[in-house]
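The numbers here are math on the coordinates, done by the rules we state, and not lab data. Just so it is clear, the structure is predicted and the values come from calculations on it, not from any experiment. Because the Cβ atoms are built from the backbone with ideal geometry, glycine has one as well, and the counts that use them run over all protein chains shown.
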Amino acid sequence: MDLTVVRRRLEEAEERLSPFAARSIRSSRVLPEEPSPIRTPFQRDRDRILHTRAFRRLKHKTQVYIAPAGDHFVTRLTHTLEVAQVARTITRALNLNEDLAEAASLGHDIGHGPFGHAGEEALAECLPEGFRHNYQSVRVLEHLENGGRGLNLTFEVLDAIGKSSKTRDDILSEGWGVPTTLEGQAVKVADAIAYLNHDILDAVRAGVIRENDLPASTRNELGQSHGERINTLVSDIVEASWAATGVQPSQDEPPSIRFSPRIHGVANELREFMFRRVYHYEQTLRDAERGKRVVHFLFAHFVANPGGISPDYSLPGDPVERRAADYVSGMTDRYAIRLARELGCGDAIGWEQG
Ligand code: MG
């Protein structure tokens, strides 16, 4: 049997997507490859990302709460799966390429170091060129994984991952650039929808806020429950971004993925509230400072002792600082804590409860 009939069927289905959707047949890789008979290039990228060791380590990397004791706290892994779900819902509703959105979502946080943004800040202080988790995600997928050869992913997937970060000022801020594809834009906003909502639940679980503390606009406009809030935000995106389906002419050329002005304002107010009350909460900041000191300690240790840097997580020709940063940023929270404790770092003693 000639299995390429499967790929031809998939490509025909992609032809029926919105005229603004990305099409895998037009995607490109640095090294050209023989196409798979049964998967499109974006499906292949998704599978390659899913089977990396870096993806598995997301299970033990912090979202907001460092090495949390409770089983129900969000981790980078569950966050990543929620982003993929939201991005798939948005792209499918707008007749865009769901496979591209899924692949980029699964890879978007793969370069996050231990201890969430605290670890990122510490690594940025260590390296003269700085450190950003979105760029590190691209670096892991393009160079570090697969024995230092990288995964040879499509340009579209790497572009969406590299530009997935946002700055604090606005939920739709360009931050590290506007993704070239609408699917990449959907991942960028899905990331914010996912974290704002699961971080509310975690903050309530940790006793940092009560649901009643949420801004009145959140309670009145988004809904009373976790499910209602996500549904309102996602439905609003679909409605406000309808031009992306290409079914009716719009003034908005090319179309973009966006909120309605009203819900955009509500979402920004919620985001600001979360920064003030949750991300910058005293205990959270204390744990973050401790996480930063552990990362600084490990970085300094491996720069002084480069023989200890695993060749599996760094590239041999790179400067020692880069190799140390690549190695430390690949660590999970618990691995970093354990290793730092073994090496005599006081900040790591008596910390890990999980
Ligand atoms: Mg994320």
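Some points to look at:
- Spin-label proximity, Glu289 to segment 125-146 - amide N less than 18 Å from point 7 Å beyond Cα toward beta carbon: 125
- Overall dimensions of the chain by Cα: Rg and Dmax, Å: 20.8, 64
- Along the chain, the longest continuous region that contains none of the GluC sites (Glu not before Pro) in a DSSP loop with at most 13 other C-beta atoms within 10 Å is 175-354.
- Relative contact order [Cα under 8 Å, 6+ residues apart], the chain, whole percent: 21
- Calculated log₁₀ intensity ratio I(q)/I(0) where the Debye formula runs over C-alpha points of segment 17-61, q = 0.18, 0.23, 0.33, 0.34 Å⁻¹: -0.69, -0.88, -1.20, -1.23
- Cα-only Debye scattering, segment 68-166: base-10 log of I(q)/I(0) at q = 0.16 Å⁻¹: -0.75
- For segment 161-264, projected area of the alpha-carbon convex hull averaged over all directions, nm²: 7.3
- Cβ-Cβ FRET estimate between Ser256 and Ala300, R0 fixed at 30 Å, reported to 0.05: 0.10
- Straight Cα distances below 19 angstrom link Lys163 to the lysines Lys188, with same-chain residues fewer than 8 positions distant left out.
- Label point of Glu272 set 7 angstrom out along Cα-Cβ; within segment 232-266, amide nitrogens under 11 Å from it belong to 265-266.
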